[in-house]
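Beneath this line is the structure, given in structure tokens, with notes to follow.
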Amino acid sequence: MNTTATVSEEQLNDQFTYIDAVASLVRDKRLRAYTHTFGCQQNEADTEHIRGMLHEMGYEMTDDVNEADFILFNTCAVREHAEDRAFGNIGSLSHLKKRKPDVIIALCGCMAQQEKNVEKIKKSYPQVSLMFGTHALWRFPSLLYRVMSGEKRVFDIGGEDDIAEGLPILRADGAKAWLSIMYGCNNFCTYCIVPYVRGRERSRRPEEIENELRGLVASGYKEITLLGQNVNSYGKDLGIDVDFADLLRRLNAVPGDFWLRFMTSHPKDASPKLFDTMAACEKVARQLHLPFQSGSDEILRRMNRHYTADSYKKLIAYAREKMPDITLSSDIIVGFPGETEEDFEQTLRLVEDTRFDLLFTFLYSPRSGTPAASYPDNATTAQKQARFERLLRLQDGIVAERQAAYQGRRMRLLIDGAAKGPDYPFTARTEGNLLVCVRGKGLSVGEFVEAEIEKTTLRCLYARKL
Ligand code: 5AD
Ligand code: SF4
């Protein structure tokens, strides 16, 4: 059964009318817009849609908040630290608002889906005149129009789990693009706020995704990352016989020279079929981000993750058997409520055995409204911090060894930006998504080159174009 609804053409046309209406107010004024994104790639992709709408309205984009007439913060609620930073940023703009009363300050994203934050903004941050949640993103033109026509403060934090196709988009120039394939999450890991702020899983139709990919390839993008909170459950809501592996095969058949990446995968849904498909698809990069969160089965059970350390290791072994040079990364939470020294040792063991290329390690951050926020917790902050540092030390040793193994290797690289130092003036990525600094004649962003690795450090490989 198809459980996913799309925003109707009529509703979207309505928003395009508001884009025109705002454009008539912006016209000849040379107004500038500034956006700042916190959090994950999904948020970055959402901001690109807002920038697209602003661009259609006639705004010019600026990187300088002080010269902006419209300021937007797209916020993240995954950890307290991200929320604190967003509040800090908005707080520091109260002077700007006093100096330039006409400036419009807006806040959107995951924090805007939470009642407690909405109340806080209403009460203590009068400089914010527009706040809208992830579900209202497509209504941004009408909301902005209301503010511009004199409504003092506009809040839109409700909305349905619908998909809006065909919104304008303004992507960053360069080699890389995000491509959302689905939204929301049904997993309810007990520590995580995402299912509450991003709603239920809903997949875009395969033909819409393929069309967007064709457009990206035609525009010269060379690395396209398919986005979803749990891409492995892609298609379940569509009522047609298609899963993520099928989608990958379909996208792999799009003509052109490009790499396809995807994130994030969930170990409970990552299947041998997925790895067989990856191995068979030459455009799907040999790279996997597969968060395991904890090496302790008891903690995994209390996190509601539905796999064990052992089944995780078997998955990795299968992926490596099919793709021996695959690059692996993962997310880990340290200090989940009730985590004992023994639980933590099991996390260390999994890291030691698996030998990831890259780890994203997080200290557990209680999120009100999630089950884990009320679980009893015995470990002190100092104990958690000490565990965190042990994990970092272990991983640094593993990364040093893995990086050193690339010395002298010839690799295909995608040039993706300017580097800081003069000796290696460009940055690039390997197929496995490792960071490389490159030197050589005639390099330009968006080009694939063959190169040889000359030296390695913990964070970077250094290469010479061949
Ligand atoms: N505290 C710490 N880390 C968290 N993550 C999600 N929720 C929390 C939380 N409450 C981490 C997980 C996830 C990554 C995106 O963020 O590791 O995979
Ligand atoms: Fe959060 Fe778990 Fe969903 Fe990932 S899979 S977004 S960690 S609830």
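The values are calculated or read from the model by the stated rules, or taken from the named source; none is laboratory data. Just so you know, these numbers come straight off a predicted model, no measurement behind them. Positions of Cβ are backbone-derived with ideal geometry, glycine not excepted, and every protein chain shown enters the neighbour counts. Please note that ligands, DNA and RNA were not included when accessible areas were found on the heavy atoms of the full protein model with its side chains. Shrake-Rupley method; radii C 1.70, N 1.55, O 1.52, S 1.80 Å.
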Just one of (1) within 16 Å of ligand 2 (Cβ to nearest atom); (2) surrounded by fewer than 16 Cβ atoms within 10 Å (Cβ to Cβ) trips up LYS314, so point out which. (1)
In region 188-219, how many residues are away from ligand 2 (no atom under 16 Å from the Cβ) and at pLDDT below 95? 0
Scan (1) among the acidic types (Asp, Glu); (2) at pLDDT below 95; (3) part of a helix (DSSP H, G or I) for the single condition ASP46 breaks and write down its number. (2)
Among residues of region 393-417, those that are open to solvent by less than 70 Å² (accessible area, probe 1.4 Å) and either in contact with a strand residue (DSSP E or B) (Cβ under 8 Å, 6 or more places away or on another chain) or within 16 Å of ligand 1 (Cβ to nearest atom) (or both), counted: 12
The strands (runs of 3 or more DSSP E) lying wholly within region 108-189 that contain at least 1 residues that are open to solvent by 40 Å² or more (accessible area, probe 1.4 Å) and either over 30 Å from LYS268 (Cα atoms) or away from ligand 1 (no atom under 16 Å from the Cβ) (or both) are 154-156, 176-180
Restricting attention to region 190-208, and to residues there that are within 20 Å of PHE244 (Cα to Cα), assigned to a loop (DSSP other than H, G, I, E, B) and open to solvent by 20 Å² or more (accessible area, probe 1.4 Å), which single residue is nearest to ligand 1 (Cβ to nearest atom)? GLU201
How many residues does region 296-311 hold that are crowded, with 17+ Cβ neighbours inside 10 Å, assigned to a loop (DSSP other than H, G, I, E, B) and within 24 Å of the chain's Cα centre (by Cα)? 3
Looking at region 210-230, I want the residues that are farther than 21 Å from ASN43 by Cβ and in contact (Cβ under 8 Å) with a residue 60 or more places away in the chain and have a partner that is open to solvent by less than 10 Å² (accessible area, probe 1.4 Å) and not in a strand (DSSP E or B) with Cβ atoms under 9 Å, at least 6 apart or on another chain. Which pairs are those? GLY220/ALA175; LYS222/ALA175; LYS222/PHE258
Could you check region 35-48 and list, in sequence order, the residues that are open to solvent by 20 Å² or more (accessible area, probe 1.4 Å) and closer than 15 Å to ALA106 by Cα? THR35, HIS36, THR37
Yes or no: ARG464 more than 30 Å from GLY335 (Cα to Cα) and modelled with pLDDT of 95 or more? yes
Can you name every residue in region 351-367 that is closer than 11 Å to LEU394 by Cβ, more than 13 Å from ligand 1 (Cβ to nearest atom) and surrounded by 16 or more Cβ atoms within 10 Å (Cβ to Cβ)? VAL351, PHE356
